[in-house]
Amino acid sequence: MTQNQAFMFHTTPSVSLIRNSDGNFNVTMVPGDGVGPELMDSVQAVLKSINAPLNFEQLHLSEVQHRTSTSLENVVESITKNGVALKGVFSIPEFSPGNTGDLQNLNQKFRNSLDIYANVIQVKSLPGVQSKHKNVDFIVVREQTEGEYSALEHAPIPGVVECLKVVTREKSMRIAKFAFDYAVKHGRKKVTAVHKANIMKQGDGLFLRSCEDISKLYPNIEFQQMIVDNTCMQLVSKPQQFDVMVMPNLYGNIITNVGAGLVGGAGLVAGASFSPNVAVFEPGARHTFDEAVGKGVANPSAMIIASIKLLSHLGLKQEEDTLRKGLHRVLSEGKVRTRDLGGYSTTNQFTNAVINSL
């Protein structure tokens with residue numbers, strides 16, 4: 001692939017998002033498993049309170065709740081039609097060693113069916129939230145359609161498993177260009193490629209060379225590369241040094257969760273997954289929090305932040321600003337805190353506090 005061919009990639013959704021005759025946008029809502037449905041109730045209440053012009057088409061998709069689940073095809077059709085979705089987290093059932101069927105789980109099928117190849121998570125310090133580090137604000141750009149998640153495993157003999165990690169130049173170039181385009185669009189100054197090319201010389205070497213090739217097209221953006229184990233150490237030591245980070249699939253999953261821990265936990269980080277045609281907004285740390293189902297103790301902040309990003313994507317600037325200020329006001333005052341933030345407030349109490357602060 002030449003440098004000129006790299007420009008052919010479409011790194012932001014190109015679908016035309018148009019209001020309906022009622023002035024609203026259609027949005028596919030997929031609550032997910034665990035506390036997902038409860039958090040979606042919070043989001044809908046908050047968005048209704050600010051009169052956000054959204055019509056939700058709610059579809060339940062699950063690999064563990066078969067009785068209430070629709071088909072993956074129906075969900076993909078809805079998201080493709082609407083161009084935008086708000087999504088919870090899917091539970092992944094435990095794999096049985098005797099299972100000879102499909103190794104791909106629902107998450108992988110969902111991403112591949114929509115080609116939502118770029119997962120973008122913002123790890124940012126929030127007002128009023130106690131954490132070890134202050135003034136953290138970096139972006140994790142994760143390629144999420146290949147790598148170790150290719151589901152190509154087999155046991156040639158008992159007691160030995162071979163697992164294939166797939167890395168292609170096309171998808172490595174595509175995610176690298178997405179990261180640099182993101183940096184330019186959002187006024188970021190540096191892109192760090194995270195890899196393990198010192199060990200996986202061909203696989204991660206190909207990814208790293210692709211990032212280096214793309215970096216030459218962006219002379220105004222600083223480029224650096226860092227081995228993933230050193231990256232983890234640097235993150236917990238001085239996360240402020242990072243700006244935009246781009247990485248293969250598995251490292252992205254790990255780094256995102258490390259990042260969530262840096263700024264207060266899984267309930268405070270959100271992001272989105274992009275294809276050339278659709279955008280899916282979701283929590284950043286993918287935990288279903290099954291043990292909290294029905295107890296009303298989950299923190300809805302991550303899902304609310306995801307909805308703020310959704311509003312921004314739709315160009316609803318006033319609603320975006322209003323909701324962000326309301327959430328930040330509740331977090332800053334610290335009078336209403338869920339258990340993960342050191343308080344005793346319920347999900348509904350936190351949601352009502354955000355609504356009352358708007």
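Each value in this text was obtained by applying a stated rule to the coordinates, not by laboratory testing. Note that the structure is a prediction, hence the values are computed from the model and not measured. Virtual Cβ from ideal backbone geometry, glycine too; neighbours counted across all protein chains shown.
Tabulated values for the structure
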| quantity | calculated |
| --- | --- |
| Rg/Rg_ref, the chain, where Rg_ref = 2.2 N^0.38 Å and atoms are Cα | 0.98 |
| Sites Leu358 and Gln58 - FRET efficiency at Förster radius 30 Å, r taken between beta-carbons, to 0.05 | 0.80 |
| Rh (Kirkwood; distinct C-alpha pairs) - the stretch 14-137, Å | 17.0 |
| Burial order of peptide ranges 253-259, 192-198 (average beta-carbon count within 10 Å, highest first) | 192-198, 253-259 |
| Whole-Hz ³J(HN,Hα) from phi, Karplus 6.51 cos²θ - 1.76 cosθ + 1.60, for the stretch 288-298, glycine and proline x | 7, 6, 4, 5, 9, 4, x, 8, x, 10, 6 |
| Selected from Pro93, Pro156, Pro300 as most flexible by GNM, with the chain as the system and alpha-carbon contacts under 10 Å | Pro156 |
| Rounded to whole Hz, the Karplus (6.51, -1.76, 1.60) HN-Hα couplings of the stretch 184-200, x for glycine and proline | 5, 5, 9, x, 8, 10, 9, 10, 10, 8, 9, 7, 9, 5, 5, 10, 8 |
| Footprinting exposure proxy for Phe25, Phe207 (fewest neighbouring C-beta atoms within 10 Å first) | Phe25, Phe207 |
| By average C-beta atoms within 10 angstrom, highest first, the peptides 32-43, 340-351 | 32-43, 340-351 |
| Chain lengthening between Ser113 and Val160 when straightened (0.36 nm per residue, less Cα-Cα) | 13.8 nm |
| Debye, to nearest 20: dipole size of the chain, +1 on Lys, Arg Cβ, -1 on Asp, Glu Cβ | 1140 |
| Stretch gain in nm, segment Ala45-Val236, where the contour uses 0.36 nm per residue and the Cα spacing is subtracted | 65.2 nm |
| Of Lys109/Lys134; Lys87/Lys317; Lys132/Lys201; Lys177/Lys238, pairs whose Cα-Cα distance is over 32 Å | Lys109/Lys134; Lys132/Lys201 |
| Estimated translational D of the stretch 132-262 in µm²/s (Stokes, Kirkwood radius over Cα pairs; 25 °C; 0.890 mPa s) | 160 |
| Charge sum, other residues only, whose C-beta stays under 12 Å from Gly267's C-beta, Lys/Arg counted +1 and Asp/Glu -1 | +1 |
| Listed peptides 217-226, 326-335, 270-279 by packing density, highest first (mean Cβ within 10 Å) | 270-279, 326-335, 217-226 |
| Unit charges on C-beta of K, R, D, E only; dipole of the stretch 152-256, Debye | 320 |
| The chain: relative contact order in percent, alpha carbon pairs under 8 Å with at least 6 residues between | 22 |
| Built amide H within the under 5 Å cut-off of Leu54, gap 5+ | Phe25 |
| Computed Rg/Rh of the stretch 193-274, alpha carbon atoms with Kirkwood Rh | 0.98 |
| Residue-averaged 222 nm ellipticity for the chain, from DSSP H runs of 4+ at -39500 (n - 2.57), nearest 500 | -11500 deg cm²/dmol |
